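First comes the structure, then the notes that go with it.
All of the numbers you see were taken from the coordinates with simple rules; none came from a lab. Remember, predicted model here, so these are calculated numbers, not experimental data. Ideal geometry is used to build each Cβ from the backbone, glycine not excepted, and the neighbour counts take in all protein chains shown.
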Amino acid sequence: MNSSEFFDPARCPLCGGPNHCLLCATTPYKGRCWCSQEEMPAELLARVPEPLRDRACICRGCLENFRQKKKFALLRPPQM
């Protein structure tokens, strides 16, 4: 059996940690989720395994980690 058969919408499809998405939570609706107020870069979304795309939200930690790595890459001088 593959991992897409046992996915949990409350878990990040990249790291497996909790995504804290209110849209995926089993609790009553509490308002807009943090993820609906963020722009998810296409490059990051492309890292989600195909069977899990559009089934669970990426967590804030993975989003921030991606942003930091992109920012660091822009600040790093070109290598020759």
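A few points about this structure:
- Using the Cβ-Cβ distance between ALA25 and LEU52 with R0 set to 22 Å, the FRET efficiency works out to roughly 0.80.
- Pairwise FRET efficiency - PHE6 versus GLU39, Cβ, R0 = 41 Å, nearest 0.05: 0.90
- At 1.002 mPa s and 20 °C, Stokes D of the chain from Kirkwood alpha-carbon radius, µm² per second: 153
- Under-5 Å amide H pairs with ARG11, H placed in peptide plane, nonlocal only: ASN19
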